[in-house]
Amino acid sequence: MPSPLVEATSGALGSLLTCVLLYPVDLCKTRIQSGRSDQGVGATALAIARAEGVGALLSGLSPKAVHTVVQNFLYFYAYEYLKRALLGGVLERGSFAGNTVCGVGAGISNMTVTLPLEALTVRAQNAGGRESLAATAAQLLREGPASMWMGFTASSILTLNPAINFAIFDALKARALALLSARAGRPVRSLSAGRAFLLGSLSKVVATLVTYPLIRTKVMMQAAAKGAQEGEPRPTMAQTLLTIIRTEGAAGLYRGCGAQIATAVSKSGILLMSKEQLARYALALILLLRSHKRSKMIATAGLAPSA
């Protein structure tokens with residue numbers, strides 16, 4: 001079984017790849033969710049390019065990349081650590097409930113560190129290049145913890161999204177590996193890139209549909225925080241949720257859901273596909289280095305003079 005460090009490193013590198021490849025879609029999705037666009041992803045991208053320049057489709061990429069790498073490294077490390085510490089003891093190993101509990105714990109621990117980076121990213125994406133990243137960050141710092149950790153309650157609940165996603169993926173992966181092993185007549189320990197992409201995408205669709213109203217609520221809270229006057233009370237999650245329903249109807253809770261699913265499914269599929277491959281190569285490299293070190297120690301012992 002790969003170590004938490006191997007899982008965290010491969011997950012962080014895989015997430016960086018997905019972030020760079022899909023960033024323009026992610027930016028359009030944020031504009032739609034925050035209410036700045038009422039069009040689809042394609043039309044929103046064209047509108048941004050015409051009004052703000054093609055470069056605006058990459059505005060906010062730097063904080064997003066940093067946030068993505070840090071978030072996924074911490075998440076996968078904590079997730080694997082908690083699975084090793086709790087499963088088989090307090091919780092049943094390999095169970096959906098056990099993996100979900102570990103996912104929620106990992107999500108809350110990493111979110112506490114990375115939520116300010118996410119708030120900065122949302123503001124940078126909505127600023128559309130009208131102000132520098134440094135100015136946006138300075139404004140966020142001046143507003144203090146209330147803005148930096150805006151949406152903490154919604155984000156805490158939303159740890160269910162990756163928790164459900166990875167719990168479903170782990171369950172499907174275990175079933176798939178068991179079937180592949182039985183068919184091959186030997187242990188199969190990793191998924192092919194195609195299978196990992198398919199299972200990762202399927203698990204993300206389910207997780208996103210279940211949690212999307214809270215995803216939109218959190219984005220609305222983070223986007224609205226900048227417009228609030230200093231000292232003005234920040235809207236709570238419940239207030240924001242009710243505002244969306246009053247102004248847009250119940251269907252408003254799923255505004256931008258198509259863009260979210262397209263982005264999230266692509267990200268999850270590519271992330272878990274690349275993570276599976278990177279973890280396999282990292283594990284092979286570790287085993288190779290250990291074998292080389294062991295051979296060197298044996299050779300050194302053989303050359304040592306006998307007493």
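The values are calculated or read from the model by the stated rules, or taken from the named source; none is laboratory data. All values reported here derive from a predicted model rather than from experimental measurement. All Cβ positions, glycine included, derive from the backbone under ideal geometry; neighbour counts span all protein chains shown. Accessible surface is based on the protein model in full, side chains and every heavy atom, while ligands, DNA and RNA are left aside. Shrake-Rupley method; radii C 1.70, N 1.55, O 1.52, S 1.80 Å.
Comparing Gly258, Ala138, Ser291 along the charge dipole axis of the chain, the residue lying farthest to the positive side is Ser291, per the Cβ-charge model. Reported value for the range 170-272: 122 Å³ per residue, from the convex hull of its C-alpha atoms. On a 26 Å Cα-Cα criterion, which of the cross-link pairs Lys29/Lys173; Lys29/Lys275; Lys64/Lys173 come out too long? Distance filter (> 26 Å) returns Lys29/Lys173; Lys64/Lys173.
Show me 198-210, 156-168 ranked by packing, highest mean number of other Cβ atoms within 10 Å first.
Ranked from most to least packed, the peptides come out as 156-168, 198-210.
Surface exposure of the chain, expressed per residue as accessible area with a 1.4 Å probe, stands at 50 Å².
Working ranking of peptides 190-196, 133-139 by packing, defined as the average number of other Cβ atoms within 10 Å per residue, highest first, is 190-196, 133-139. Could you check how much of the accessible area of the chain is carbon and sulfur, as a whole percent, using a 1.4 Å probe? The C+S portion of the solvent-accessible surface of the chain is 67 percent.
Sorted from greatest to least, the principal axis extents spanned by the alpha carbons of the chain come out as 81, 42, 39 Å.
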